[in-house]
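First the structure, in the form of structure tokens, and then the observations on it.
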Amino acid sequence: MSRETRLRIGADVGGTFTDVVILDDAGHVWTDKVLSTPPEFEQAVLQSVARLLARLEADGQAVTEVAHGTTVATNAVLEHRGALTALITTRGFRDVLELRRIRAPQMYDLFWEKPRPLVERYLRFELTERLSATGEVVTPLNRDDLAQICARLQQAGVESVAVCLIHAYANPEHEQIVGNTLAECLPGVQVSLSHQVLRERKEYERTATTVVNAYVRPVMQHYVGALREGLNEQGVDAPLLIMQSAGGLTPAEDAAVRPVYVLESGPAAGVLAALALVQRQGLSNAITLDVGGTTAKASIIEDGQIAYSPEYEVGASLSAGNRLVGGGGELIRAPSIDIAEVGAGGGSIAWLDPAGGLRVGPQSAGARPGPVCYGRGGQAPTVTDANVVLGYIRPGRLADGSVSVDLDAARRAVHDQVAHPLGLDLLHAADGIHRIANARTMRALRAVSTERGRDPRDFTLVAFGGAGPIHAASLARELGVRRVVIPPLPGLFSALGLLFSGVEHHDVRSCRLSGDALTEAALAALRADMEHGMLAQFAAEGFPADQVKLSAYADVRFLGQASEIRLPLEDGRPRTDDRGRTTEDGGGRTKDELPTTDYRLLTTLHGAFLAEHERLYGHRSDPDNPIEVVAVRLIGRAGAPDAQTLFRPVHRPPSAVRRSSGLLRSALGSGGHACPDPRRPHSRD
Amino acid sequence: MPEVDPITREIVQNALAAAGDEMALALYRTAYSTIVRDCLDYSTSLCDANGEMIAQGVTIPLHLGAVPYAMATLFQKYGHSLEPGDVFIMNDPFDGGMHIPDIFIVQPIFWEGERVAFAVATAHHLDLGGRLPGSSACDNTEIFQDGFRMPWLKLYRRGAPDESLFTLLRANVRVPHQTLGDVRAQLAACHIGERAVHDLIRRYGVDTFKTCTADLLDYTERLVSAEIARWPDGVHSFVDYMDNDGLGGGPVRIEVKITVEGDGLTADFTGSSPQIRGAMNSTLSFTASVVALAVRAVMQQDIPNNGGMFRPLTIIAPAGTVVNCVMPAASSMRGVTGFRMADAVFGALAGLLPDRVPAAGEGGNTLVIIGGQREREGRRTSWILYELLSGTWGGRPDRDGNDGLCNPANVASNIPIEEAEAEYPVRIERYGLVQDSGGAGRFRGGLSVERQWRLLQGEAHLGIRSDRREHAPFGLQGGGTGETSINLLHHPDSRPTDTLATMISTAMGEGDWLYHRMPGGGGWGDPLTRDPALVARDVLNEKVSLTAARDRYGVVLDPATLAVDEAATAVLRAARGGRGEPVCSPRAGT
């Protein structure tokens, strides 16, 4: 390996496997797949990086970037294993977090259980202070109250604190005082202030999002710190970037402070990779299916566009954004790729319920102890064990070779714990496990297709993740999907996708601009407020302003409506009008007196809004009704590489596995059907 | 009719359900009033060419049963003159509606000249004129006080709006841009429904569409019948009460007898109070909704939301009673009657299926209507804050009631405090749970929800609809009753704080605050058998006090560490002999 070669690393950590890929300037790819190492997830990444660098005979200095996707934060929420977290809120509003939006996620279920709040009532503290909706102080902050709360926080030994005061989006002053005081009296305890996490109106949404941020922040901080340290020890001092839920990378330091924006890190990378693949193949409609060890995730690409969601829930039994009702999980109001997820992966455990029914998941054997056939201590039969029994996975070595698949162990487990108690023969029992896992996975696929009135027959199924290809064909048949695409390196697809995303930052300011107050200048002021901070952040990350592409958006509605339509804001900066004056304030002027540029921008915005409203809802409401801008958003992007190299042939397979038949025969089913060998990509030379 | 393959049928059926949800999203997104866009008091559905409901969006279950009655009267009047481009409007409880505030918008959907379906959107409107702001008032005594009444009318004729109708509606409501805006949101929902149906027919053909929808209704009927057939045959009655009739008289008796025989179920409300003076009279359509809702909720199978659900049910509700009112009864506040009917039906079903029915929840939402006038941009305009407060659940056969969650009959939401304060001259000073307000039980009833509003400027009308101050939410199987409700009005001057009646129309002055505590949920099972660790957890979270832990649950905790004193607990519980403490005596159904 020449000294000049520059390397980029993509590392995707899942609940079961950790995938690492290295890409060089010439587009050559080296890969490694190892079992994840909970709770020290960073260990697997570091070991893989060391092994690959050694194989390439490269040193750490050759690495220019480490792009990372991780489920560490999501897992902490799902398993309620985050930090001991407290919440400070305005007096009178201790229960906002627990009351949520009052709504249940479904009708007619008398046994539905509201999720237990991440911060229990005894750790939710009320502070005497109050602001009005316009940000004026109604009740001054009571410092004695605050001192008492500090003492109680110390006593309780909390590790992280969320602060969400009523109307803090309008005036952050009180939250800042709380933040400063906590920093003094509780050094080492991390503090998440709501106006810094999500500066938007609606107290529950802001509180919930801030609480999740606080809850996972110490976990993320520790993880990112350990990873950074480990990389440094290997001489890798390149920037460490984390994939965000909405796609786009952000520096690890930022992710550690605002982890709520990277919760859906790993899944996002897979969808981005799928989009690149689909575009290259000239397709426009695809359903993506990512089956890992713990979960199956589905997403939809329609007319070449990824579906996004402004908010979503973690931990609902079926997690899917853009659905009508919420309440089933932890609400996160942060942009994300719209992904439906169910607890059905290769590691999902097969078990018998008290009535003798065969069930699969949602408990997963994960990486530890793992499926029985891996011989790493797993005792309960999993979907992977069933797939081994059925011949869908070959016995022998897997991943980097450190895992060996033991057919006899899989057969014993499925026989003793499923087939024998149910009085079935071995193959039928294994097939039952496989089909039940499929049925569960089908829920996620339906959530993004038929449940939205989309006919899957119009879509191509792109299946990846370690277990995706094994299940893809039978799921496609059931859905009526005619074409299935399995990318090369399906098990490493998400890791590869990490290398084809640039750095991206999002910011938002709530506002209420209508009538005379809605001017270009007012929009520009909000934008400028965000732009300054964002460009400074990019500069600190090594991107000068001329390499940053900024896009501004306005959330627009008819005055008084419930929800908004997001529209691009062509240009919200103050600029010189035709007469050479700077238009800083258009307030109070009639339309005719407005500077021409101002007039054009708002006219464009108004026209675009009416057109989009009609397209979405079939009517323009009352065309005389004024429009209102309720938020201005800014997205900055920099440094997105070319996706061409993503699908070049694999160079130098790292695996010890060299050849396989390429096809396996299912041991069951209508005459046996061809199914892909998950090791196939490794066998290319 | 063609044979349809199972995948196509599944897709069409899912697509219809998805269309119902899409309609609901469109309505929500384009609505103006807080009652629709925040409380979500609306529903959307699709009906087949004969008006039988084939899908409902995940919205208010209590509207489910009203659609068949509305469609029946629409057919009576316009069955022979339905044309493409027509849209109908109706809010008349005596012409197929539920109560004045609920406007039905119905759009027939045609395909190549043939009627194939209907899109239906129902929304609770902020104000439709009448005696007081918000239209609804418990002490309205005639429908004419409830507001502007529209029997079935054509709002659009062959695509052309009837401007005179819009003009008339605008002139008769207090906040026209919200009422008209919400009507347009309903039109948007119907438009989305039409588009979805057209998409399906374009893809699969009109015959396949018809086969699929007919199959869906039959399939639902079969599921419901099969489940009822598995229940034990029997007859169970239950009586519950509303505290008063809206004008200080009362109580109002709700009696129901449930008979399960073979694969059919009959709910007979004979014995309920005659029609009352106040505005809590229910229409037959609403009463039928309640029965369908309760029966559906205790079923173990997942049942599609459509009209097939009603086929195995028989409802008996004598005309001229509070459960089937006749002209000129007022009905604007009949929601609470619906919740009480639901409590009674659940109470009766608990006799049949004891392991599937929770103790009583809060007994329905409280309505708080604060409305006044203000200067805005040089004009005097009306404002109305219409709060639909949701409460809490009763204890269940295997778990506690949810603390602070919408009644299962009403999948509603709350108004964010920050939104309310940004729009109205009101400050919300408290919103939370109340310690010791859940009925004691092996599984505790949910805690009461409390909320406090202060009026910041001017004078305002204050209307309240609450209940369950005298007839607390019942426990089951030895569980205690939930806490009762209260309303306090405080004046900034030295006058004493007033305790207001549960149902009242009054005034609020500048600086006054109103405090409302909703009822708590009833408990399920003997509190002396509750796991002491759960009691300790409740005490840690200040949901139950140390005193109540001892007095109601017989659990002794160390006041400093909150550790369970096992020995003292055992002694105390033994001394009680396993019987509940009289402070929270259970009230069984008759």
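Compute the distance in nm between two label points, each set 7 Å from the Cα along the Cα-to-Cβ direction, one at A:R600 and one at B:L247.
For the pair A:R600/B:L247, the computed spacing is 6.8 nm.
Cut-off under 28 Å on the C-alpha distance; same-chain residues fewer than 8 positions from A:K202 excluded. Which lysines are left, in chain and number order?
A:K114, B:K543
Just to check I understand the Karplus step: with θ = phi - 60° and J = 6.51 cos²θ - 1.76 cosθ + 1.60, what whole-Hz values come out for the stretch A:486-492, glycine and proline as x?
So the Karplus estimates, Gly and Pro as x, are 10, x, x, 6, x, x, 10 Hz.
If you take the beta carbon distance between A:D353 and B:D233 as r and set R0 to 30 Å, what does 1/(1 + (r/R0)^6) give as a FRET efficiency, to the nearest 0.05?
The formula returns an efficiency of 0.55 here.
For B:K77, list the lysines whose Cα falls under 16 Å from its own Cα; do not include residues on the same chain fewer than 8 positions away.
B:K154
To the nearest 0.05, how large is the calculated FRET efficiency for B:T499 and A:A156 if R₀ is 25 Å and r is the Cβ-Cβ distance?
0.05
Please list, in order along the stretch B:77-86, the HN-Hα scalar couplings obtained from phi with the Karplus expression 6.51 cos²θ - 1.76 cosθ + 1.60 (θ = phi - 60°), rounded to whole Hz, x for Gly and Pro.
Computed from phi, the couplings for the stretch B:77-86 are 7, 10, x, 9, 10, 8, 10, x, x, 6 Hz.
Can you give the convex hull volume per residue for the Cα atoms of chain B, as a whole number of Å³?
160
Order the peptides B:13-26, A:534-547, A:412-425 from the highest to the lowest mean number of other Cβ atoms within 10 Å of their residues.
B:13-26, A:412-425, A:534-547
Using mean Cβ contacts within 10 Å as the protection proxy, how do B:302-310, B:263-271, B:229-237 order, highest first?
Descending packing order for the listed peptides: B:302-310, B:263-271, B:229-237.
For the stretch B:165-232, evaluate the Debye formula with one uniform point scatterer on each Cα (no solvent term) and list log10 I(q)/I(0) at q = 0.20, 0.24, 0.28 Å⁻¹, rounded to two decimals.
-0.83, -0.99, -1.12
How many partner chain Cβ atoms sit within 10 Å of a residue's Cβ in peptide B:425-435, on average, as a whole number?
4
Working only with C-alpha atoms, what are the Rg and Dmax values of the protein assembly as shown, expressed in angstrom?
In Å, with Rg to one decimal and Dmax whole: 31.1, 94.
Across all directions of projection, what mean area in square nanometres is found for the Cα convex hull of the stretch A:331-377?
Directional mean of the projected Cα hull area for the stretch A:331-377 stands at 5.4 nm².
Averaging the inverse of every distinct alpha carbon separation and then flipping it gives the Kirkwood radius. What is it for the stretch B:528-584, in angstrom units?
11.0
Let me know the mean shielding of A:89-102 by other chains, meaning the per-residue number of their Cβ atoms within 10 Å of its Cβ.
6
Counting only helical runs of four or more DSSP H residues, what would the 222 nm mean residue ellipticity of the protein assembly as shown come to if each run contributes -39,500 (n - 2.57) and the total is spread over all its residues?
-9500 deg cm²/dmol
Can you give the alpha-carbon Rg of the stretch B:362-526 over 2.2 N^0.38 Å, where N counts its residues?
The value comes to 1.12.
Name the long-range amide H neighbours of A:D338: under 5 Å, sequence gap of 5 or more, or other chain; modelled H, no Pro or chain starts.
HN-HN under 5 Å from A:D338: A:A307, A:Y308, A:S309.
For a quick check of your reading of the filter: which GluC sites (Glu not before Pro) in the stretch A:62-99 sit in a DSSP loop and have no more than 16 other Cβ atoms within 10 Å?
Passing both the DSSP loop test and the Cβ count: A:E79.
Given the peptides B:111-120, B:504-513, arrange them by the average over their residues of other C-beta atoms within 10 Å, most packed first.
Ranked by mean Cβ neighbours within 10 Å, highest first: B:111-120, B:504-513.
As a test of understanding, state the convex hull volume per residue of the stretch B:431-590 from its alpha carbons, in Å³.
124
Any lysines with Cα under 22 Å of the A:K33 Cα? List them, leaving off those in the same chain fewer than 8 positions away.
Here the lysines satisfying the reach criterion relative to A:K33 are A:K297.
What whole number of Å gives the distance from the Cα centroid of the stretch A:125-148 to the Cα centroid of the stretch A:392-463?
After rounding, the separation between the Cα centres reads 55 Å.
How much FRET efficiency would the formula 1/(1 + (r/R0)^6) give for B:Q457 and B:F144, where r is the Cβ-Cβ distance and R0 is 30 Å, rounded to 0.05?
In this case the efficiency is close to 0.40.
Note down the nm distance, to one decimal, between modelled labels 7 Å out along Cα→Cβ at B:S225 and at A:C185.
The modelled label-to-label distance comes out at 6.9 nm.
Counting only C-alpha contacts under 8 Å and six or more residues apart, can you give the relative contact order of chain B as a whole percent?
13
Enumerate the residues in the stretch B:400-442 having an amide nitrogen under 20 Å from the point lying 7 Å beyond the Cα of A:L559 toward its Cβ.
What the label zone holds, given the 20 Å backbone N cut-off, is B:419-426.
For the stretch A:44-59, just list the computed ³J(HN,Hα) in residue order, Karplus coefficients 6.51, -1.76 and 1.60, θ = phi - 60°, integers in Hz, with x standing in for Gly and Pro.
5, 4, 5, 5, 5, 4, 4, 5, 5, 4, 5, 5, 7, 6, 10, 9
If each of B:H80 and B:A563 carries a label point 7 Å out from its Cα toward its Cβ, how far apart are those two points in nm?
That separation, rounded to one decimal, is 8.5 nm.
In the stretch B:141-170, which trypsin sites (Lys or Arg not before Pro) fall in coil by DSSP and have 14 or fewer other Cβ atoms within 10 Å?
Sparse-neighbourhood loop trypsin sites (Lys or Arg not before Pro): B:R158.
For the stretch A:169-224 and the stretch A:51-81, what is the separation of their C-alpha centers, rounded to whole Å?
When both Cα centres are located, 27 Å separates them.
Take every residue in peptide B:414-424, count the Cβ atoms of other chains within 10 Å of its Cβ, and give the average of those counts.
6
The numbers here are math on the coordinates, done by the rules we state, and not lab data. Keep in mind that this is a model prediction, so the values were computed, not measured. Please note: Cβ atoms are built from the backbone with ideal geometry, for glycine as well, and neighbour counts cover all protein chains shown.
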